[in-house]
Structures are given as structure tokens and as C-alpha cells.
1. With labels modelled as points extended 7 Å from the Cα through the Cβ direction, what inter-label distance (nm, one decimal) is found for TRP37 paired with LEU24?
2. How much net charge surrounds ASP47 when only the other residues with a Cβ under 10 Å from the Cβ of ASP47 are counted, with Lys and Arg +1 and Asp and Glu -1?
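Read-outs: derived from the displayed coordinates by stated rules, not from any lab. Bear in mind that the values here come from a model prediction, so they are computed numbers and not experimental data. Cβ placement follows ideal geometry from the backbone for every residue including glycine, while neighbour counts extend to all protein chains displayed.
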Amino acid sequence: MRIWPRAGRDGDPAVLAGDPEDELADLFGFLLLFARWQGVDLGAALDKKWGACLRPKEDTQI
């Protein structure tokens, strides 16, 4: 039993070309739920892996 129809199979194939913001929000939501289920502190993991790249560089001009 399916809870919701699959786009392109049961309904309008244009649903597959949905709003990218909605699709990214869904993806992010599933990621957060998966991290919580696995007991992963996603903020700490992101900082550990990408922190140096995401922090603003300090102004080194004199």
C-alpha cells in the first residue's frame, strides 16, 4: 500500500519538474530525520568536515 502517488506514474508527469526549493527542503528534512535516527549531531559533523571551508576568511590586510 502506498501512502502517496508517485509522480509520473500515477499522476501528472510535470510533478517531476517541481519547485527546486520544495525538493531541496524535502531532501534536507529527510537528512535531518536520518541524522536524528542515527544519533548523529549533524551540526558537529558539518563543522568537522566543512567548517574550515564555510567560515569567513579573516581579513589579513594591514
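1. My value for the distance between the label points is 2.4 nm.
2. So the surrounding residues net to +2.
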